[in-house]
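*Asks:* One structure, pasted below without further comment.
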Amino acid sequence: MTLRVAVLVSGRGSNLASLLEHIRKGSVQAKVTLVVSDKPGAEALDSARHHGVPAVVTLAPEPDEKSSSYNDRLLAVLRGDKPDLVVLAGYMRILGKAVVDAFPGRVVNIHPSLLPAFKGLRAVQQALDAGVRFAGCSTHLVTADLDGGPIVLQAAVAVKPDDTHETLSRRILRLEHLLLPRTVQLFCEGRVATADGRAIIAPGPSWLQRTDLDLPSGVLYGHGF
Ligand code: GRF
């Protein structure tokens, strides 16, 4: 079934662009019906327009606006679109509880760390500072707990001794560009459920067998990929 997906962004939008490309090529059976940016002029908005997303909205907070008021306005925009899934793709605000509760189990975020390690900002730098040997990215269901909801997918790479923030971020971002579309496709296939606070992925086709997706080597693709 073709899912209606609303995507919230704040910046560059490379994850949104990758999702839109996977949809265009047919590897994800979804339609991005709405893109909302809290930042006017975000690059992500250009990407959305370029791909013909029907509703591309800038919803900037008013000066001194309370986050509850902003989230009410956001919720009204989202409700108007009736999405099956809400995706946070580099959305830099905390999503209000009312918004999370309006789409139970249907809000997904992508984060550049192997959660539950290195939540919050500057996750790649946190990983480097901690001297970890593996790093990566995660998609998870959004709950009131920041970056703490049930993990859906993860992929990991080895950290090289000479990795810098730039080199490691680049390798992780390339994985993000697969992990997010893959996660959306799992929702399209109706394969994501939750039980006991964890996300469960039902058996089904994997992307690991796909030769058309240009999967980078040297990557550990976790269960569900
Ligand atoms: C990504 O690293 C994502 O994991 C994080 O914010 C970044 C957004 O990048 N939440 P982009 O805007 O998709 O290029």
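The values are calculated or read from the model by the stated rules, or taken from the named source; none is laboratory data. Keep in mind it's a predicted model, so treat the numbers as computed, not measured. Reconstructed Cβ throughout: ideal geometry from the backbone, glycine too, with neighbour counts over all protein chains shown. Ligands, DNA and RNA are stripped out before the accessible areas are found, and what is left, the full protein with its side chains, is counted by its heavy atoms. Shrake-Rupley method; radii C 1.70, N 1.55, O 1.52, S 1.80 Å.
*Asks:* Restricting attention to segment 129-173, report how many residues are of a type in the set (S, T, N, Q) and touching a strand residue (DSSP E or B) at 6+ places or on another chain (Cβ under 8 Å).
*Replies:* Within segment 129-173, residues that are of a type in the set (S, T, N, Q) and touching a strand residue (DSSP E or B) at 6+ places or on another chain (Cβ under 8 Å) number 3.
*Asks:* Give me the residue from segment 22-38 that is among the hydrophobic types (A, V, I, L, M, F, W, C) and outside any helix (DSSP H, G or I) and, out of that set, farthest from Lys82 (Cα to Cα). Show your work before the answer.
*Replies:* Narrowing segment 22-38 to residues among the hydrophobic types (A, V, I, L, M, F, W, C): 23, 28, 30, 32, 34-36.
If we keep only those that are outside any helix (DSSP H, G or I) too, we end up with 28, 30, 32, 34-36.
Details: Val28: 19, Ala30: 14, Val32: 12, Leu34: 10, Val35: 13, Val36: 14 Å.
Among residues in segment 22-38 that are among the hydrophobic types (A, V, I, L, M, F, W, C) and outside any helix (DSSP H, G or I), the one farthest from Lys82 (Cα to Cα) is Val28.
*Asks:* Separate question: Inside segment 7-48, can you point out the residues that are of a type in the set (Gly, Ala, Ser) and either crowded, with 24+ Cβ neighbours inside 10 Å or within 11 Å of the ligand (Cβ to nearest atom) (or both)? Walk me through how you get there before you give the answer.
*Replies:* Restricting attention to segment 7-48, the residues satisfying the condition of being of a type in the set (Gly, Ala, Ser) are 10-11, 13-14, 17-18, 26-27, 30, 37, 41-42, 44, 47-48.
Of everything in segment 7-48, those that are of a type in the set (Gly, Ala, Ser) and either crowded, with 24+ Cβ neighbours inside 10 Å or within 11 Å of the ligand (Cβ to nearest atom) (or both) turn out to be Ser10, Gly11, Gly13, Ser14, Ala17, Ser18, Ser37, Ala42, Ala44, Ser47, Ala48.
*Asks:* Now a separate question. More than 16 Å from the ligand (Cβ to nearest atom), open to solvent by less than 60 Å² (accessible area, probe 1.4 Å), modelled with pLDDT under 95 and of a type in the set (A, V, I, L, M): is that true of Leu213 in this structure?
*Replies:* yes
*Asks:* Would you please list the contacts, defined by Cβ atoms under 9 Å and residues six or more apart or on different chains, that run from a residue in segment 158-187 that is on the phi > 0 side of the Ramachandran plot to a residue that is open to solvent by 20 Å² or more (accessible area, probe 1.4 Å) and within 15 Å of the ligand (Cβ to nearest atom)?
*Replies:* As it stands, the answer is none, since no pair meets every condition given.
*Asks:* Which one of the conditions (1) touching a helix residue (DSSP H, G or I) at 6+ places or on another chain (Cβ under 9 Å); (2) farther than 21 Å from Val142 by Cβ; (3) open to solvent by 70 Å² or more (accessible area, probe 1.4 Å) does Thr58 fail to meet, given that it meets all the rest?
*Replies:* All conditions are met except number (3).
*Asks:* Can you tell me which residue within segment 166-210, out of those that are farther than 16 Å from Lys25 by Cα and touching a Lys or Arg at 6+ places or on another chain (Cβ under 6 Å), is least open to solvent (accessible area, probe 1.4 Å)?
*Replies:* Among those residues, the one meeting the criterion is Ile201.
*Asks:* From (1) within 17 Å of the chain's Cα centre (by Cα); (2) within 16 Å of the ligand (Cβ to nearest atom); (3) surrounded by 18 or more Cβ atoms within 10 Å (Cβ to Cβ), pick out the condition that doesn't hold for Phe103.
*Replies:* For Phe103, the failing item is (2).
*Asks:* Cβ contacts < 8 Å: first residue open to solvent by less than 60 Å² (accessible area, probe 1.4 Å), restricted to segment 72-96; second residue of a type in the set (Ser, Thr, Tyr), any location; separation 6+ or different chain. Result?
*Replies:* Every condition considered, the pairs that remain are Asp81/Thr33; Pro83/Thr33; Gly90/Ser10; Gly90/Ser14; Tyr91/Ser10; Gly96/Ser67; Gly96/Ser68; Gly96/Tyr70.
*Asks:* Go through (1) surrounded by fewer than 22 Cβ atoms within 10 Å (Cβ to Cβ); (2) aliphatic (A, V, I, L, M); (3) under 28 Å from Gln29 (Cα atoms); (4) within 17 Å of the chain's Cα centre (by Cα) for Leu121 and report which single condition fails.
*Replies:* Among (1) surrounded by fewer than 22 Cβ atoms within 10 Å (Cβ to Cβ); (2) aliphatic (A, V, I, L, M); (3) under 28 Å from Gln29 (Cα atoms); (4) within 17 Å of the chain's Cα centre (by Cα), Leu121 violates only (3).
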